[in-house]
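Okay, structure first, notes after.
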Amino acid sequence: MKKLFGLPAIPLLISLICAAILTVAGGWYFSARDARLSAGLTGDGDIPTAARGALPGVEVGAAREMPMRQKWSGRLIPLQRQQVNATSDAEVVESYLAHGRSFRAGELMLRLRDPVLFNEHLTGQRKIERLRFNLNTEPTEVLRAQQSANRAKVELSRVRAELAPQRELFDRGLIARVELRSLEQREQDAKDQLDAATRELQTARSQATLSRADWQSELAALEQAQQGLKKRLAALEVRAPFDGKVTWFSDAVATGTVKRGMELLQFESTAGVQAELRLIRNAETEKLFAVGNTVLLALHGGASPAGSLPNADLAPQWLAGVEASNDGAEAQLGAIHLQGKVDTLGALQAASDGSAAGSASATLVVRVMIDPQEWAQLDATASAAWGVGVDVDAWVQRITKVVEIPMATVARRSERTYTYVQTGHVRGNVWNRREVFGAEDGKGNFLVAAGLAPGEKVALLR
């Protein structure tokens with residue numbers, strides 16, 4: 001192989017050609033970048049990300065207080081929702097379930113029967129009836145002993161009835177002593193029989209007393225056990241926990257057999273709805289949505305930013321310069337709006353496997369209870385529109401310090417708002433992009449509630 005400068009010629013030529021190509025391409029790139037930098041238009045598309053150069057700037061003025069209404073997205077959920085599971089393997093005895101069927105609180109929806117418990121209950125009930133019968137009647141032994149004693153009494157009375165005239169005849173000397181002694185012996189035998197029958201009766205009654213005490217103890221234990229069985233059997237009766245409707249039930253109900261732990265049905269309240277919001281958890285949101293705070297709810301006009309609510313609403317919207325009596329502001333909230341109050345506040349529970357532990361701890365779940373009087377005043381059409389699962393906007397009003405900047409200093413991208421703030425740099429001033437939060441005032445200005453401070457300088461982009 002030929003060598004050039006002591007090195008293989010072909011690999012060296014390839015390396016020199018690659019270096020030349022990279023040099024030319026780099027020159028073209030940096031020339032184009034410098035040209036765009038001089039125009040203040042570097043970055044993605046027509047939105048600069050670190051514009052610098054001769055862009056004019058505007059100084060941010062002093063902050064002022066004004067009412068601001070912050071909007072979050074949420075979803076309507078029922079006031080109450082309950083899932084019913086089978087507590088044991090059971091047979092379906094009665095079912096009144098149907099999709100969408102309404103029940104009043106306490107009405108029977110489903111009756112189940114556990115065969116093992118039911119047979120145990122029947123066996124116990126038969127034992128109780130037998131024990132009660134025994135306690136309310138004399139034992140057979142006592143009755144027999146009583147009959148024996150009665151016969152002995154009758155026999156003694158008959159013998160004495162025969163003995164009395166014979167003694168009178170003996171006293172008059174009309175009969176022999178032998179005949180009288182025979183009757184007297186019969187009397188003595190009758191007395192002995194009566195004494196034996198009386199002792200047997202007393203023994204039978206004593207044994208019956210002991211047996212009755214045992215029966216009473218056994219009856220008390222059985223009755224207590226039966227109470228427990230009745231409660232367990234009654235627990236298999238599924239009754240409506242509140243006024244509501246069936247939203248789902250298992251196909252296993254129709255087959256007539258269910259298994260322990262199986263989900264049987266889902267039941268939701270029909271008395272009204274409440275709004276559920278999921279927010280980024282921080283001191284600001286916890287203060288805005290403290291329990292008891294007033295929230296204005298409106299039907300969402302389009303697709304909810306919260307979607308199916310798996311995550312928190314990251315970028316709440318603002319509406320500037322509104323009061324509760326401002327008709328123009330109310331018009332922006334939709335034709336129907338309802339007032340509610342924050343009822344509960346808590347963190348989203350993490351998944352059982354711990355996979356969502358981080359995100360759950362950073363998510364705040366807010367439940368907003370709608371005013372019952374306002375809900376009662378809705379007509380049928382409005383109530384249907386405000387149904388379970390509908391997306392809503394939740395507005396929270398407060399007095400906020402804002403700074404005013406021209407709309408020409410604002411750029412929007414992906415539903416977010418940015419401006420460019422001037423900062424010092426060793427190579428000169430640099431315009432750094434910064435996200436700001438606020439709303440337009442309708443007069444060509446943007447009111448910044450968060451993201452800018454008085455005295456900072458922002459770039460005029462147009």
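The values are calculated or read from the model by the stated rules, or taken from the named source; none is laboratory data. Note that the structure is predicted; figures quoted are calculated from it, not measured. Cβ sites come from the backbone with ideal geometry, for glycine too, and all protein chains shown count toward neighbours.
Listed values, structure above:
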quantity: Odd one out for R398, checked against (1) at positive phi; (2) assigned to a strand (DSSP E or B); calculated: (1)
quantity: Conditions (1) over 30 Å from V368 (Cβ atoms); (2) of a type in the set (A, V, I, L, M, F, W, C); (3) not assigned by TED's automatic domain parsing to the domain that holds G124: number failed by F267; calculated: (1)
quantity: Those residues of region 159-175 which are free of Cβ contacts under 8 Å to residues at least 12 places away in the same chain and assigned to a helix (DSSP H, G or I), in sequence order; calculated: A161, A164, P165, E168, L169, F170, D171
quantity: Members of region 213-256 that are more than 28 Å from the chain's Cα centre (by Cα) and more than 26 Å from P115 (Cβ to Cβ); calculated: A213, D214, W215, Q216, S217, A220
quantity: Given (1) at pLDDT 75 or above; (2) aliphatic (A, V, I, L, M); (3) more than 23 Å from S73 (Cβ to Cβ), index of the condition A357 fails; calculated: (1)
quantity: Matching entry among V258, V238, V273 (being touching a Pro at 6+ places or on another chain (Cβ under 7 Å) and of a type in the set (A, V, I, L, M, F, W, C)); calculated: V273
quantity: Residue pairs meeting the criteria (Cβ under 6 Å; at least 6 apart or on separate chains; first free of Cβ contacts under 8 Å to residues at least 24 places away in the same chain and outside any loop (DSSP other than H, G, I, E, B), in region 85-109; second surrounded by 12 or more Cβ atoms within 10 Å (Cβ to Cβ) and of a type outside the set (G, A, S)); calculated: V93/R111; V93/R113; E94/R111
quantity: Count of region 230-259 residues which are of a type in the set (A, V, I, L, M) and part of a strand (DSSP E or B); calculated: 3
quantity: Output for region 145-163, where each listed residue is under 22 Å from I175 (Cα atoms) and charged (D, E, K, R); calculated: R158, R160, E162
